[in-house]
Amino acid sequence: MSREPRDEREEALRDLVELRVPLRRAVDRLGSFDWDSDGDLVVFGSKDALNSLLAYLSGRLDAVSLQLWAETLEGRDDLGFQIGNQGLLKDFLFQFSSPEICESISDEMVRRWRDNLRDLVR
């Protein structure tokens, strides 16, 4: 039985959000789907944001990779946001996708965000 394109797109988006596969592979796979979507396929939550920061702090992602991850997610039609934290999570993706106009990605910046997000994940 073949999978529906929507299911494949959802899986590709989830792979990126949750960093389940190498970043470049996830970005490339997601890029094979149209940009526009009829609705949210995946909900981006505080835990997902926190996991990306922990990947950075552990050395699994560098600053360039973290920026690419955020850039790829920001503004997607198929990505929803955790109820009650939409504004914070959209700001998170904007700041990490735009270090040239916000703040450069640094250990200090990541730790600040990590500490704020930990309280939401509990």
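The values are calculated or read from the model by the stated rules, or taken from the named source; none is laboratory data. Nothing here was measured: the structure is a model prediction, and the numbers come from that model. A quick note on method: Cβ atoms are made from the backbone with ideal geometry, for glycine too, and the neighbour counts reach across all protein chains shown. We work out accessible area using only protein heavy atoms, side chains counted, and drop any ligands, DNA or RNA first. Shrake-Rupley method; radii C 1.70, N 1.55, O 1.52, S 1.80 Å.
Here is a check on your reading of the model: is ARG6 touching a residue at least 12 places away in the same chain (Cβ under 8 Å), open to solvent by 30 Å² or more (accessible area, probe 1.4 Å) and either part of a loop (DSSP other than H, G, I, E, B) or of a type outside the set (Val, Ile, Thr) (or both)?
Yes.
Report every pair of residues separated by at least 6 positions or lying on different chains whose Cβ atoms are under 7 Å apart, first residue within the range 65-76 and polar (S, T, N, Q), second in a helix (DSSP H, G or I).
Sorted first by the residue in the range 65-76, then by its partner, the pairs are SER65/LEU23; GLN67/PHE96; GLN67/SER97; THR72/LEU16; THR72/VAL27; THR72/LEU30.
Could you give me the residue pairs with C-beta distances under 6 Å whose first residue belongs to the range 86-98 and is within 16 Å of ARG111 (Cα to Cα) and part of a helix (DSSP H, G or I), whose second residue is open to solvent by 60 Å² or more (accessible area, probe 1.4 Å) and of a type outside the set (Gly, Ala, Ser) wherever it lies, and which are 6+ apart or on separate chains?
LEU93/GLU74
Taking the condition touching a residue at least 12 places away in the same chain (Cβ under 8 Å), surrounded by fewer than 17 Cβ atoms within 10 Å (Cβ to Cβ) and either among the acidic types (Asp, Glu) or farther than 22 Å from VAL110 by Cα (or both), does ASP48 pass?
No, not satisfied.
Determine which single condition ALA70 fails, assuming it passes every other condition in (1) assigned to a helix (DSSP H, G or I); (2) small (Gly, Ala, Ser); (3) open to solvent by 70 Å² or more (accessible area, probe 1.4 Å).
Checking ALA70 against (1) assigned to a helix (DSSP H, G or I); (2) small (Gly, Ala, Ser); (3) open to solvent by 70 Å² or more (accessible area, probe 1.4 Å), the one that fails is (3).
With surrounded by 14 or more Cβ atoms within 10 Å (Cβ to Cβ), farther than 26 Å from GLU100 by Cβ and free of Cβ contacts under 8 Å to residues at least 40 places away in the same chain as the only criterion, which of ARG29, ARG20 stands out?
Only one candidate passes the filter, namely ARG29.
Of all residues in the range 105-115, which are open to solvent by 20 Å² or more (accessible area, probe 1.4 Å) and either among the β-branched types (Val, Ile, Thr) or without any contact (Cβ under 8 Å) to a residue 12 or more places away in the chain (or both)? Before the answer, list the steps.
Within the range 105-115, the subset open to solvent by 20 Å² or more (accessible area, probe 1.4 Å) is 105-108, 111-115.
ILE105, GLU108, ARG112, ASP115, listed by residue number.
Scanning the range 14-66 for residues that are β-branched (Val, Ile, Thr) and not in a helix (DSSP H, G or I), which turns out nearest to PHE81 (Cα to Cα)?
VAL43
Residue by residue through the range 87-104, note down the ones that are surrounded by 13 or more Cβ atoms within 10 Å (Cβ to Cβ) and more than 14 Å from the chain's Cα centre (by Cα).
PRO99, CYS102, GLU103
Pick from GLY75, GLY84, GLY80, GLY59: which is within 12 Å of the chain's Cα centre (by Cα) and surrounded by fewer than 13 Cβ atoms within 10 Å (Cβ to Cβ)? I'd like the intermediate steps shown before the answer.
Values: GLY84 fails: within 12 Å of the chain's Cα centre (by Cα); GLY80 fails: surrounded by fewer than 13 Cβ atoms within 10 Å (Cβ to Cβ); GLY59 fails: within 12 Å of the chain's Cα centre (by Cα).
The unique qualifying residue is GLY75.
Exactly one of (1) open to solvent by less than 80 Å² (accessible area, probe 1.4 Å); (2) more than 26 Å from ASP107 (Cα to Cα); (3) not polar (S, T, N, Q) is unmet by TRP35. Its number?
The one condition TRP35 does not meet is (1).
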